[in-house]
Amino acid sequence: MKNITFLISIFLITTSSLAQEYSLNTSSSELKWTGTELTTKIHYGSIGFKSGTITLSEGQPVSGKFVVNMTTLKNEDLPEAYRGRLEGHLKSDDFFSVDKFSEAILEITGSNKLSSGSFDVNGNLTIKGITEPISFSMSPSDDYWIANLTFDRSKYNVRFRSGTFFENLGDKLIYDDIVIETKLRF
């Protein structure tokens with residue numbers, strides 16, 4: 001029994017030493033969001049990271065936590081004079097209730113390596129205090145990681161002009177899927 005316990009201890013020590021944690025460079029990492037209306041009108045912009053870490057084992061993501069500062073939400077598709085109005089609306093209770101929920105959090109719980117060299121990553125996404133499981137793709141590049149995901153805003157009680165909550169919106173409907181594209185530098 002002592003030999004088995006010893007071997008398990010050696011395995012755990014060896015396995016944990018193979019994994020390395022990296023801190024996100026929040027000033028050089030990028031997050032772009034895109035939302036689309038039924039009329040194919042597209043809005044996009046950026047949000048800043050507050051913090052982030054990722055743990056890699058032999059180059060594969062095994063865990064991590066990324067915190068987004070929702071107060072930094074910016075619109076980038078409208079002319080400068082009109083951006084403030086949309087930004088204010090997106091930060092309001094109609095959308096992300098930023099005064100009450102100033103952070104969104106993504107926690108990585110594991111991943112599977114794909115033949116392309118990228119990873120199918122599993123995790124939990126928390127927006128407006130609501131946590132839902134999510135899967136997304138991540139792939140290493142020369143000096144950063146690319147992580148792209150799409151989340152359904154209706155799962156996080158983001159209701160404004162959502163077909164999940166309201167009927168007969170016609171061309172005023174805003175699709176529930178929000179696309180997130182990131183370049184993560186560690």
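The values are calculated or read from the model by the stated rules, or taken from the named source; none is laboratory data. Bear in mind that the values here come from a model prediction, so they are computed numbers and not experimental data. All Cβ positions, glycine included, derive from the backbone under ideal geometry; neighbour counts span all protein chains shown.
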When restricted to 111, 116, the only residue touching a residue at least 40 places away in the same chain (Cβ under 8 Å) and outside any helix (DSSP H, G or I) is 111
Quick check on my filter: what residues within segment 44-59 are in contact (Cβ under 8 Å) with a residue 40 or more places away in the chain, surrounded by fewer than 18 Cβ atoms within 10 Å (Cβ to Cβ) and not hydroxyl-bearing (Ser, Thr, Tyr)? 58, 59
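So that you can scan it fast, the table gives a plain yes or no per residue for (1) free of Cβ contacts under 8 Å to residues at least 12 places away in the same chain; (2) within 22 Å of residue 117 (Cα to Cα); (3) surrounded by fewer than 13 Cβ atoms within 10 Å (Cβ to Cβ); (4) hydrophobic (A, V, I, L, M, F, W, C):
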| residue | (1), (2), (3), (4) |
| --- | --- |
| 135 | no, yes, yes, no |
| 146 | no, yes, no, yes |
| 158 | no, no, no, yes |
| 162 | no, no, no, no |
| 181 | no, yes, no, no |
| 186 | no, yes, no, yes |
Considering residues of segment 70-107 that are assigned to a helix (DSSP H, G or I) and among the small types (Gly, Ala, Ser) only, the residue farthest from residue 149 (Cα to Cα): 81
Output the qualifying pairs, or none if there are none: Cβ atoms under 9 angstrom, residues six or more apart or on different chains, first residue in segment 60-74 and within 15 Å of residue 120 (Cβ to Cβ) and modelled with pLDDT of 95 or more, second residue crowded, with 17+ Cβ neighbours inside 10 Å and of a type in the set (Phe, Trp, Tyr). 60/119; 61/119; 61/145
What number goes with the only condition from (1) touching a strand residue (DSSP E or B) at 6+ places or on another chain (Cβ under 7 Å); (2) at pLDDT below 95; (3) of a type in the set (A, V, I, L, M, F, W, C) that residue 166 does not pass? (1)
